[in-house]
Every structure is written in C-alpha cells, then in structure tokens.
C-alpha cells in the first residue's frame, strides 16, 4: 500500500478542487429558505460556518468540509482533512464539540485497508482537538473523498464573522501560505514537503483562542479561494477596503520557487481571475498568484492584531476592494 499514490486517483486535490467562487455564487444566487430569527450567521455572506442561537449566551456552530487527496499518504490526508473541517469552527471563534466522518471511496480501485488509515488520521486530529468522532456516512464514489461535518459552540457576543470588519485595524495572518503550489508539485512529482504538511495538520485552535481573547470580531480561514479571495469576500461583506503588504506575508519555504518552476494549480489561476477585477496593485503575476493560491487547511485571516502572529496589512475606509503593495 505504501506504493499507492492517492493523489493520482483524483482530478484535483485538497481545497483546490472547490467549485470556483464566481461559479458558486452564481449557482446559489437567490436561494433563500425559511427566515429563522435564531440564525445569527447563515447564507448571506458565505461565512465559514452557520451559527444558530439556542440561548442568549450560547450559539451552535455547524459546518462540513471534505475533499479529494492532497497528499499520497492516507493517514496524513485524513488528518489534514479533519483539521481543515474543524478550522471552520475555530474561524468563527467557536469550540468544536463533536464531528462525524464523510467518506467516498472507489471500492473497486483502492484497497479498503487504506480507509482505516484515512479515518485514523481524522480520529487523531479530533483527539488533538479534544473531541470525539461520533459517527459518519460513506458511499461508493469514483474518486476518494474524505472530510467531516463538525459541530461547535460559541458565545453569540464573541462570534467572529466575515462581515464585521471595520476600517483602521491591522490584518493578521496566522499561518504561512503556499500549500496549494507545493501540493500541486507533490501530486506531479511525488516530492514531500514537511513544512507544508506541518502547516496543514496544525489546528487553528490556539490562533482562534488568542483572537477571541484579543476582542476580534472579524475573521475567516484561508482555504480554497486563497488569501486574496477570502480577504475580498470579507471587505466586500463589511464595506471596507484592505491594504496588503506582500513583503510581510509569510510563505511556506519553496512555494515561490515552485510557482516559478511552473507547478501552478488550476484552482489558484481561477481564484486570481475571479478576484483580479477587485484588486489594485502594481505587483507582477507571480506575487499575485501566490496570494491567490488555493490553500488547504490554511490559517486564520483576522481583522485585528493577534499577539504572536504577523500583521500583513490594514483595513481602510472604502467600498470592498483590496490593494496589494
């Protein structure tokens, strides 16, 4: 089984296999259901998770996330996918309380022994988060797919959301970017990148707790739409602008060289095409592509300063544009 390369059984990989943001927004436009007054955060601005008020001091956070293999090792893929799913809860300032597995498997192509390794990776991520995996659902599928539906809790007064950014605040990024590029190189060549794996398997729990303690009210996590895409969604929803200093954005070692070597994910190109009309910058293609790179299990993008993490820019008065310098 060690010779099986899981990434070769999927057309895409990780969060780069998301439906492009522009296509997704067009597909769901106008879909409005029952107007429940207890829904604090729902479909309106494409936030990371839903938040439902059950008491004045308690909200339930609900989310789901899954994707095709981002690395060849089954255990590592399972752990990355679980960490990524739990990140949506942390991005809202919540605490996960349980998760259930979501699995699709090409039964006639890949051995069932690998399923155990994938689920073991997810279980270890959940254990690290201090929660139990309490069930799941599986289907036969043409490609391997794994992730989790996660449930968490939060104080409604301390929720972090993507439409609450205010002008005049620093912008903090809690993980380096570039995993999409390096994952694409891994898929093409089999090369393994320890730092990228470490980034993707690190829970956003500490960053979330630090942001909530600092009084942050606006945050999101950086995943398939890239840093620029997720930042644009925040400033558009909040009615402010953002200024990003490229020189201050932390990159995973080897990401820029990987781009220059031509290992560019299709999802990252689509991200840049979608967001570029709302970007003002004199920087070149390489720099903007890195900022649009489709991340898997990335860090938190926080409007406010979080001790111990790098500040990469600031918000300013505006109408929902991003300037990169």
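For segment 152-210, the set of residues classified as on the phi > 0 side of the Ramachandran plot and crowded, with 18+ Cβ neighbours inside 10 Å consists of 178 only. Within segment 177-216, which residues are closer than 30 Å to residue 163 by Cα, in contact with a helix residue (DSSP H, G or I) (Cβ under 8 Å, 6 or more places away or on another chain) and in a loop (DSSP other than H, G, I, E, B)? Matches in segment 177-216: 178, 201, 202, 203, 204.
The residue list 188, 214, 237 contains one member that is farther than 20 Å from residue 172 by Cα and either at pLDDT 95 or above or in the same structural domain as residue 309 (by TED's automatic domain parsing) (or both), which is 188.
Contact annotation: residue pairs with Cβ atoms under 7 Å, 6 or more positions apart or on different chains, pairing a residue in segment 268-293 that is in the same structural domain as residue 227 (by TED's automatic domain parsing) and touching a residue at least 60 places away in the same chain (Cβ under 8 Å) with a partner that is surrounded by fewer than 16 Cβ atoms within 10 Å (Cβ to Cβ) and assigned to a helix (DSSP H, G or I), are 274/22. Taking the criterion of being surrounded by 15 or more Cβ atoms within 10 Å (Cβ to Cβ) and either free of Cβ contacts under 8 Å to residues at least 12 places away in the same chain or more than 21 Å from residue 299 (Cβ to Cβ) (or both), the residues of segment 247-265 that qualify are 263, 264. Scanning segment 39-85 for residues being assigned to a strand (DSSP E or B) and in contact with a strand residue (DSSP E or B) (Cβ under 8 Å, 6 or more places away or on another chain) gives a total of 18.
Out of the residues in segment 124-154 meeting the condition of being outside any loop (DSSP other than H, G, I, E, B) and over 21 Å from the mean Cα position of the chain (by Cα), tell me which one is nearest to residue 202 (Cα to Cα).
Per the criteria, the residue is 132.
All of 94, 46 fail the test of being buried (at least 16 other Cβ atoms within 10 Å of the Cβ), within 19 Å of residue 155 (Cβ to Cβ), within 20 Å of the chain's Cα centre (by Cα) and in contact (Cβ under 8 Å) with a residue 12 or more places away in the chain, apart from 94. The conditions of being part of a loop (DSSP other than H, G, I, E, B), under 25 Å from residue 7 (Cα atoms) and at pLDDT below 95 are not met by residue 267. Please verify whether segment 295-318 includes one or more residues that are over 20 Å from residue 210 (Cα atoms), in contact with a helix residue (DSSP H, G or I) (Cβ under 8 Å, 6 or more places away or on another chain) and surrounded by fewer than 20 Cβ atoms within 10 Å (Cβ to Cβ). For segment 295-318, residues over 20 Å from residue 210 (Cα atoms), in contact with a helix residue (DSSP H, G or I) (Cβ under 8 Å, 6 or more places away or on another chain) and surrounded by fewer than 20 Cβ atoms within 10 Å (Cβ to Cβ): present. Check whether at least one residue in segment 155-169 is assigned to a strand (DSSP E or B) and either touching a residue at least 12 places away in the same chain (Cβ under 8 Å) or touching a strand residue (DSSP E or B) at 6+ places or on another chain (Cβ under 6 Å) (or both), and report yes or no. Yes, that holds for at least one residue.
The values are calculated or read from the model by the stated rules, or taken from the named source; none is laboratory data. Note that the structure is predicted; figures quoted are calculated from it, not measured. Positions of Cβ are generated from backbone atoms using ideal geometry, with glycine treated the same way; all protein chains shown enter the neighbour counts.
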